[in-house]
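Everything on this sheet refers to the single structure shown next.
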Amino acid sequence: MTPVLEARGVSAGYGGSAVVRDLNLTVEAGEVVTILGPNGAGKTTSLLTLAGALAPIAGEVRLQGRLDRSSLEHRARRGMSLVTDDRSVFFGLTARQNIRLGRGSEEDVLAEFPELAPHLDTAGGLLSGGQQQMLSVGRALASTPTLFLADELSLGLAPLVVQRLFKAVRAAADRGAAVLIVEQHAHLALDVADRAYMLVNGVVVRSDTAQAFTQDLADLERAYLATPSA
């Protein structure tokens, strides 16, 4: 099966200086893949490069088996959705208006997150952090993306909200999307992931099934992760 997303020897960074080196990674339709690692490991840089927001310094990013050097905007038009760690909400627009900026319908967003229904006419900036993240993820998933990328979905959110977000991400993969998530809190991502990559100092130090990572999680946290799981 041809991966929906593939990185071949990708080095990425800023100003010609590589933060990530020789990244090899695949994501297939119907699976959730997570990139784990401590703060400063290069996780967000990797995600932005794979999304087309940053051009790789070396190596290739392939979509549906083909070399792709297009921008994030062009990839979004072809079925990719990205949720960044700043929640991607327009604060001056209502939740309803935020949804209309996406490719999916209001009904589809509310089917995923009915908690948003009473807040559709509330400005994005007045929503709680959890509501903002539900809005971002719901809008992205309502477009039925072939590829969904997300950065630190759990950042600063209550556990019950995080569970809802990760459940929605898993459901998107079960419907056929290829999903790649970046997450510092390994136990959260591994609960819904099929496979994982551990990134440390810009280099993948391990790739394996989520089940294998979960079995070794205590050792991996001691060796690599800045914050142990709860």
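The values are calculated or read from the model by the stated rules, or taken from the named source; none is laboratory data. Since we're looking at a predicted model, the values are computed, not measured. Note that each Cβ is placed from the backbone with ideal geometry, even for glycine, and that neighbours are counted across all protein chains shown. We work out accessible area using only protein heavy atoms, side chains counted, and drop any ligands, DNA or RNA first. Shrake-Rupley method; radii C 1.70, N 1.55, O 1.52, S 1.80 Å.
For region 38-57, a residue qualifies if it is farther than 16 Å from residue 18 by Cβ and at pLDDT below 95, and the qualifying residues are 38, 39.
Conditions tested, residue by residue: (1) under 12 Å from the mean Cα position of the chain (by Cα); (2) at pLDDT 95 or above.
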| residue | (1), (2) |
| --- | --- |
| 149 | yes, yes |
| 153 | yes, no |
| 158 | no, no |
| 186 | no, no |
| 202 | no, yes |
| 209 | no, yes |
| 217 | no, no |
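Selection over region 105-153 of residues that are open to solvent by 40 Å² or more (accessible area, probe 1.4 Å) and under 14 Å from residue 172 (Cα atoms) gives a count of 5. Taking region 169-218 only, how many residues are charged (D, E, K, R), touching a helix residue (DSSP H, G or I) at 6+ places or on another chain (Cβ under 7 Å) and part of a strand (DSSP E or B)? Looking only at that region, the number is 2.
For region 66-108, what are the residues that are closer than 27 Å to residue 126 by Cα and either of a type in the set (Asp, Glu) or assigned to a strand (DSSP E or B) (or both)? Listed by number, the residues that qualify are 81, 82, 83, 85, 86, 94, 106, 107, 108.
Of all residues in region 175-184, exactly one satisfies the criterion of being in contact with a strand residue (DSSP E or B) (Cβ under 9 Å, 6 or more places away or on another chain) and open to solvent by 20 Å² or more (accessible area, probe 1.4 Å), namely 184. Restricting attention to region 159-168, the residues that are open to solvent by 60 Å² or more (accessible area, probe 1.4 Å) and in contact with a helix residue (DSSP H, G or I) (Cβ under 8 Å, 6 or more places away or on another chain) total 1.
Select from region 12-25 the residues that are surrounded by fewer than 17 Cβ atoms within 10 Å (Cβ to Cβ) and either closer than 10 Å to residue 56 by Cα or acidic (Asp, Glu) (or both) and write down the one among them that is modelled with the lowest pLDDT.
Going through region 12-25, the residues surrounded by fewer than 17 Cβ atoms within 10 Å (Cβ to Cβ) turn out to be 14-17, 22, 24.
Right, trim to either closer than 10 Å to residue 56 by Cα or acidic (Asp, Glu) (or both) and you get 14, 16, 22.
Values: 14: 95, 16: 90, 22: 98.
Residue satisfying both the conditions and the ranking: 16.
Checking each residue in region 44-65 for being open to solvent by 10 Å² or more (accessible area, probe 1.4 Å), in a helix (DSSP H, G or I) and either touching a Gly at 6+ places or on another chain (Cβ under 6 Å) or within 20 Å of residue 78 (Cβ to Cβ) (or both) picks out only 48. When you check residue 136 against the structure, is it in a helix (DSSP H, G or I), under 30 Å from residue 65 (Cα atoms) and hydroxyl-bearing (Ser, Thr, Tyr), yes or no? For residue 136, the condition - in a helix (DSSP H, G or I), under 30 Å from residue 65 (Cα atoms) and hydroxyl-bearing (Ser, Thr, Tyr) - is met. Condition test on residue 156, is it farther than 25 Å from residue 68 by Cα and open to solvent by less than 30 Å² (accessible area, probe 1.4 Å)? Criteria not met by residue 156.
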